[in-house]
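I have placed the structure first, in the form of structure tokens, so that the comments after it can refer back to it.
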Amino acid sequence: GTGADNDLYINQAVVFIEDAIQYRSINHRVDSKSLWLYRWYCSRTCQWILGLTITVILALAFIEEPSSLTVTSDVRYRLPAWNPPCGLTESIELLCFLVFLLDVSVKSYLIGWKEFWKNKWLMAYILTLIVSFTDWIVSLSFFCTESVRIRRILRPFFLLQNSSMMKKTLKSINSTLPEMASVVLLLAVHLSLFTMFAMLLFARTKDNQQDKEWVVYFRNLPDSLTSLLVLLTTANNPDVMIPAYSKNRAYSIFFILFTVLGNLFLMNLLTAIIYNQFRGYLLKSVQSSLFRRRLGIRAAFEVLSSLKETPANAQQLYVSTGALQQVLQRVEMDSRCKQTIMRSLKMCSCDQLSAAQFQKLFEELDKDAIMQHPPSPEYQSHFMQKLQFAFGHPYFGYLGNVVALANIISICVVLVLDADKQPSERDDFFLGAINCFFILYYLLEILLKILAMGLRRYLSYPSNRFDGLLTVILLILEIATFAVYGFPHPGWRPDFMGLLSLWDMVRLVNMLIVFRFLRIIPNMKFMALVVTTLLDLVKNLRAFAGILVVVFYAFAITGIMLFKGAVVPLGNTSIIFQGKMGFHGSLLALRLRVFTTYLFSVNLICRWAKIYFVAWWLISSVIWVNLFVALLLENFIHKWDRRCHRESLSDIEYQRTVELMFRDVLEEPTEEELMEKLHQHPHLQLCR
């Protein structure tokens, strides 16, 4: 009936708007039951369960054999790690596989079987589950004694496929690879030519004393290539040139030329190419996200225009404001955006909205508003007004920065004077007294600022919350110190009491004071720009961080399987991939980049093992670091260009969302493009 159709159209519009908010594809089933299933699947609870499942299956590597999750990482002193019984981690894996099976089944049903066969990610998802489950059965068949578990390498795929932004980023990286390959090929030519020069230059002679360069670094082609490859990373600089340099200073010209051409020119050229190419591909990805948002909003307009209560118009379609209000009440979205759209809708004098008006209402989604600061209190007393002006003035904040700097300097002076003293020889009276004075000033400063600004306005600034929280912690620590050890006095060196010694408590207070000095950052514009750029990178580059986790995880698991028990400790030197090092140790080794240090030790295992380390260096250092630098530059340049042109609307500052970092250069999709895409929807039939 008409009522059922209207309810369906309302529900479709709700889902399409939610898809637009999250930049999701609208190519899914749109019947009533499928819409309910789709909203349930996209709900926070369901996605939280899926995210928890991915976290659990990735974290299993920390307790699976060979486990290395112990307090100390030194294999000489640590106790044996806990080895879970066979079947425990396998049972957890089975539960995770069932969740993933449900996930892929729901996804496949919602997009439809025709679209399923076109989706390579879903096909890979199912293949990964099949291989993982088969390997799980094999593991139980051998009572968990097998050394190679293929499914462990496949686990990062579950994290990768669950993030649309990670998949877009990976696609952008894949598109950038041909341009990067040209520079990598040039690096290979550079490396090969200098390898041949080195073998000719440092050839073996009759004098064994003069052949140290040949013996250690350039004995044959693989060793020569490896030596210069490590020199390209600067890991063996200047050790690789010392024997030749000791023989003749002129040999240094060879190494200088190699380093200048390789590091200063070719590596930086690679950074420039990655920045130029990847920015273009990332821009295309962001443009695609914008198109998805506009398409979702337009799809909502089209289905709402099909409502029976909407007057038909041969020339142009309209949507009633009442229908849109009904939709907005059901949509899950940010409360600020919803209130702004509802307010704009009420201010609209017309009862019907055209497609352009409908789209314009939802442009509020493209903005991320910073909270408007509450007003300061209005005092009637003339004296209180003067106090408010004095303590609310920026110069009062500058005075607090000067006092914080004086506190830092005093701590530095005391640390320098007491650096060589034994704990029994130190007198903590001076440091305790000045800390007490400065903490009291910080407390007084907070109270005066609250007096001038009001509590709500004071807490609305992140810098004030940071400052206030640290001051409260410092005050609590200082009170605890006085309660346990008494007030400072000459010769203030009481014995250890309680959980922390006096020196430990004083050190903790001093560390917090040093940390509190970061309050000066908002007052220095250029430093604030740099810090906000770094903070934005932390917030905005979750997709890159996720792919980085995938790379680290895959290489760590591969390293365990390839080098388990192969490298033994020499003397007091700890091992890298011995069987007991485990996942945590190999992951730490990757993070510390010790592979280049142990690269020559790999010759004891197999020369082909160098491929593993070179692949890690290429992916982590050459490609990934340059990608990060490229995005860092883009984010910084974007903020630098806009630093003097900040938009402000009714005292509310706006910043672009993550996906719209390039909003100024994006192109709005045309109506023809949107309608053409809507008519290609596999499950939606439009009236026109």
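Laid out as a table, the results:
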item: Of all residues in the stretch 30-45 being open to solvent by less than 40 Å² (accessible area, probe 1.4 Å) and of a type in the set (S, T, N, Q), the one that is nearest to H683 (Cα to Cα); result: S34
item: Residue check, Y461 hydroxyl-bearing (S, T, Y), open to solvent by 30 Å² or more (accessible area, probe 1.4 Å) and over 16 Å from L518 (Cβ atoms); result: no
item: Residue among F142, F100, F157 that is open to solvent by 20 Å² or more (accessible area, probe 1.4 Å) and touching a residue at least 12 places away in the same chain (Cβ under 8 Å); result: F157
item: Residue check, T128 open to solvent by 20 Å² or more (accessible area, probe 1.4 Å), in a helix (DSSP H, G or I) and within 28 Å of G51 (Cα to Cα); result: no
item: Filter pass, Y41 being within 21 Å of K114 (Cα to Cα) and under 28 Å from the mean Cα position of the chain (by Cα); result: yes
item: Sole exception among (1) modelled with pLDDT under 75; (2) in a helix (DSSP H, G or I); (3) open to solvent by less than 70 Å² (accessible area, probe 1.4 Å); (4) not β-branched (V, I, T) for D641, by number; result: (3)
item: Pick from the stretch 175-200, criterion of a type in the set (G, A, S) and surrounded by fewer than 17 Cβ atoms within 10 Å (Cβ to Cβ), ranking: farthest from Y217 (Cα to Cα); result: S175
item: Whichever residue in the stretch 46-67 is free of Cβ contacts under 8 Å to residues at least 12 places away in the same chain and of a type outside the set (A, V, I, L, M, F, W, C) and, among such residues, is least open to solvent (accessible area, probe 1.4 Å); result: Q47
item: Residue check for G296: surrounded by 18 or more Cβ atoms within 10 Å (Cβ to Cβ), over 30 Å from A543 (Cβ atoms), of a type outside the set (S, T, Y) and at pLDDT 85 or above; result: no
item: Helices (runs of 4 or more DSSP H) completely within the stretch 356-457 that count 1 or more residues being at pLDDT below 80 and surrounded by fewer than 18 Cβ atoms within 10 Å (Cβ to Cβ); result: 394-417, 429-453
item: Residue identified as part of a helix (DSSP H, G or I) and not assigned by the TED database to the domain that holds A272 among F158, F143; result: F158
item: Selected residue [closer than 17 Å to S620 by Cα and within 18 Å of the chain's Cα centre (by Cα)] from S172, S164; result: S172
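The values are calculated or read from the model by the stated rules, or taken from the named source; none is laboratory data. Keep in mind the model is a prediction, meaning the values are calculated, not measured. So basically every Cβ, Gly included, is an ideal-geometry build from the backbone, and we count neighbours across all protein chains shown. With ligands, DNA and RNA removed, areas are computed over all heavy atoms of the protein, side chains included. Shrake-Rupley method; radii C 1.70, N 1.55, O 1.52, S 1.80 Å.
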